[in-house]
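Working notes for the structure below.
The values are calculated or read from the model by the stated rules, or taken from the named source; none is laboratory data. Every value quoted in this text rests on a predicted model; they were computed, and no experiment measured them. We place every Cβ from the backbone using ideal geometry, glycine too, and count neighbours over all the protein chains shown.
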Amino acid sequence: MLLTLFLTFARIGLFTFGGGYAMISLIENICVKQKQWITHDDMMNVTVIAESTPGPIAINCATFVGYRQKGIAGALAATFGVILPSFVIIYTISVFLDSFLEIVWIANAFKGIRIAVGILIVDVGAKMFLKMPKKPLPCAILAGAFAAMLLINFSSFKFSTISLMLVAAAVSLAVFLLKGAPEAKGGEKP
């Protein structure tokens, strides 16, 4: 099982460009649909938690899935598996970086990869949006943050994306504190 965790996440790390957001779709496909190591709800929760904690999202997801399967040894195997391919690739590129980027077809390949990564990130965002419960307040916060991001990017206004995320989090927290904790499925508050 440890070798399976390592090889699964090594494959994810090897064949996914663009960082953690681009990997989320592949992690969900393999870990939720194919291998059924975690549920879709687990994947949504770990994505949110991984985004809120230090470290790359793919590493946090790998660590969670590995820990769920085989405890600390599983967490280490999955984490090492997702890190190793990127490390080897980046190290190899850094050794030959100057001459590497001068090759025209490689420079063009990186331009294409940037577009593909953007599409992967949009795909993940759309899938997560379609699967989340459609409540008015979260949808309003999402729409407001999205509109603000577009406005900031198109107007070249200098406002940090992290600051925008913190504003959205503050609004959500304020509403949560004003409304109180949501009721659990049994009709009782948690």
For this session: Go through K185, K135 for me and flag whichever is at pLDDT below 80 and not hydrophobic (A, V, I, L, M, F, W, C).
Result: K185
Exercise. If you take the residues of the stretch 143-176 that are of a type in the set (S, T, Y) and not in a helix (DSSP H, G or I), which of them is surrounded by the most Cβ atoms within 10 Å (Cβ to Cβ)?
Worked result: S160
Exercise. Any idea which of K127, K35 is among the charged types (D, E, K, R), loosely packed, with under 15 Cβ neighbours inside 10 Å and under 28 Å from L2 (Cβ atoms)?
Worked result: K35
Exercise. How about the stretch 1-109: which helices (runs of 4 or more DSSP H) wholly inside it have at least 1 residues that are at pLDDT 90 or above and over 24 Å from A169 (Cβ atoms)?
Worked result: 2-15, 57-95
Exercise. What about A145, is it modelled with pLDDT of 80 or more and in the same structural domain as S25 (by TED's automatic domain parsing)?
Worked result: no
For this session: Scan the stretch 64-119 for residues that are without any contact (Cβ under 8 Å) to a residue 40 or more places away in the chain, hydroxyl-bearing (S, T, Y) and under 30 Å from L2 (Cα atoms) and report the count.
Result: 3
For this session: Within the stretch 46-80, track down each residue that is within 17 Å of the chain's Cα centre (by Cα) and among the small types (G, A, S).
Result: A50, S52, G55, A58, A62, G66, A78
